[in-house]
Structure formats: structure tokens, C-alpha cells
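Where a number appears in this text, it was derived from the coordinates with a stated rule and is not lab data. Just so it is clear, the structure is predicted and the values come from calculations on it, not from any experiment. Cβ sites come from the backbone with ideal geometry, for glycine too, and all protein chains shown count toward neighbours.
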């Protein structure tokens, strides 16, 4: 399973997860079966509200789930259309959050509990 998280830097498993999905400087993609880590620059970090294109940036890095502190409704819709689930987490490093995911401690995000105007983190 490949999990993507927005991150503040390129420190892999030690990278702090960024507060909001679409405006993160980087995405860290972890394959939890193969124990591999890939860093992707977010070339769409400076977008208008509601205009995030996560699949466009991450298209080459197929994933099964996204974990972040906050995400808008349109981003959740776009991910769900690509059969990718989104989960909400508190702050932490990629490694800490992967551990929480494995323990089923994360809430799934839906269009009903999405962020509004970047105000949920």
C-alpha cells in the first residue's frame, strides 16, 4: 500500500507533515509493504482556493491513500474519483503517522468533513 503525505521538507520518514494538503511544499510517498520512500515536489503549491490538482502532481506516483491534517472538499472529491482514500491526522512526522495509520487510529475524510477555506488545521 502506497500512502502519500504532504510534508514541510524532504527528510523522508522524519519529515513533519504539513498543515494542509494542497499547499504543501512536498509530498512524501511511503510504500508500507516495500518500506520505500519517494519525495515529490509540489509544483501546484500556489493555487487558488479550490483549485488544487493533487492527481496532476502525483499522477506518476500511484497511491492508495493520502494522510494529512486538512484538505478541501474538491481535493477529496478528486482523490475519491481516482479511488484514493483520504485520512485526517494530528501533527507529527511521517513515521509517527504511518504508525497511527497501521493502528487504525485515523479518521477518514469525506466531502462532509472537509476543510472550508483552509480553516480546519
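So the label point goes 7 Å from the Cα of residue 13 along Cα→C-beta, right? Which residues of region 82-97 then have their backbone N under 13 Å from it? Counting backbone N atoms under 13 Å from the label point, the list is 93-97.
For the pair residue 112 and residue 80, the difference between a 0.36 nm per residue extended length and the Cα-Cα distance amounts to 10.2 nm.
Working ranking of peptides 65-76, 1-12 by packing, defined as the average number of other Cβ atoms within 10 Å per residue, highest first, is 65-76, 1-12. Packing order of peptides 80-88, 19-27, 101-109, highest average first: 19-27, 80-88, 101-109 (average count of other Cβ atoms within 10 Å over each peptide's residues). Each label point was placed 7 Å from the Cα along the Cα-to-Cβ direction; for residue 33 and residue 90 their separation is 3.1 nm.
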